[in-house]
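Okay, structure first, notes after.
Every number here is computed from the coordinates shown, using simple stated rules; none is lab data. Since the structure is predicted, the reported quantities are computational estimates derived from the model, not experimental observations. No Cβ is skipped: glycine too gets one built from the backbone with ideal geometry, and neighbour counts run over all protein chains shown.
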């Protein structure tokens, strides 16, 4: 098997919590990402799912080193990004780009579309000055927009069009890896399908590696090759998309999948929902042992003491549960 294009080894991202006005003191630590190990193959689409607050977006920003790692390493094609210099990170970001959740917030309202798409080309000097305009027009066409809109500003576009512009900006430097952080959650359902189809087509055409972050498994299953399920800063299940969705092994994944609505009302009424009690624990004070045990319907005493690692649950399928063989 070829070596992965992106590797994460026991990545942790913790944030100190401070109190006091003149004299600040640390009163706690938010463990947003708490020991994630992951490998992503070239050309793969990896879906990263979990409910709000589980650490998905923080993990994305940690991979890009927009947020520094507390511990662990992020390796892109053999280069350790966690110890890279400023010049090294500038070079690495040509190969590693991000599409943010809200295109209205991520696009500069004072810059035209042309200026937005031309900026990375000028900063990284990947295109001669005389060919920037042609390259920008090419990017617009690649995401299904007319170059005649290049002198317009972000507020003049719809949400779906703005997200297409954000995708075009991410493609400008011809990256090898794109991280899409809930790129369709702020869009209408009809527009979501268009953006998903666009991303899937671009991945096939350009052999892109895509990390697609979402909280909705019904969205992820249409685009992903593999799915990683995250809970309270940890990966609790990882495997082929069809396998994870059709035969989930971790109780948390089962609860997520049972919440996916079915178009057939008769099937929906007959479906057995797995409703989890309570709310997710705070990453400021996570429970001992398995982080999921306060809400797990299969909890035993050993779950409160053991932090379960990912163990085999099938071909290329892993889950973090000490009762994996019993449930």
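Sorting 260, 178 on the 10 Å Cβ count, fewest up front, what's the list? All intermediate terms of the calculation are to be shown ahead of the outcome.
Working: 260 13, 178 24.
Lowest to highest Cβ neighbour count: 260, 178.
Sorting the Cα pairs of region 1-110 by distance into bins of 5 Å, from 0 upward, gives 2, 10, 18, 20, 19, 14, 9, 5, 2, 1, 0, 0 percent per bin.
From largest to smallest, the equivalent ellipsoid semi-axes obtained for region 195-327 from the alpha-carbon gyration tensor read 27, 19, 14 Å.
Could you please rank 257, 311, placing first whichever residue has the fewest other Cβ atoms within 10 Å of its Cβ? Working shown, then result.
Working: 257 18, 311 13.
Least crowded to most crowded, the residues run 311, 257.
Give me 212, 149 ranked fewest to most by other Cβ atoms within 10 Å of their Cβ, as a rough exposure proxy. Don't skip to the end; give the middle numbers.
Working: 212 27, 149 15.
The order, fewest Cβ neighbours first, is 149, 212.
Which residue, 34, 225, 188, tops the fluctuation ranking in a GNM of the chain built on C-alpha contacts under 10 Å? Of 34, 225, 188, the most mobile in the Gaussian network model is 188. Considered as an equivalent ellipsoid built on the Cα gyration tensor, region 163-246 has semi-axes of 22, 15, 13 Å, the largest given first.
Helical runs (DSSP H, four residues minimum) scored at -39500 (n - 2.57) apiece and divided by the length of the chain put the mean residue ellipticity at 222 nm at -8500 deg cm²/dmol.
Using bins of 20 Å that start at zero, the share of Cα-Cα pairs per bin across the chain amounts to 29, 55, 15, 0, in whole %.
For the pair region 219-262 and region 123-144, the centres of their Cα atoms are 38 angstrom apart. Using a cutoff of 8 angstrom between alpha carbon atoms and counting only pairs six or more residues apart, the relative contact order for the chain works out to 19 percent.
Would you give the gap between the C-alpha center of region 1-59 and the C-alpha center of region 193-210, rounded to a whole Å? Answer, in whole Å: 25. To the nearest ten degrees, helix 132-142 and the longest principal axis of the Cα atoms of the chain are 50 degrees apart.
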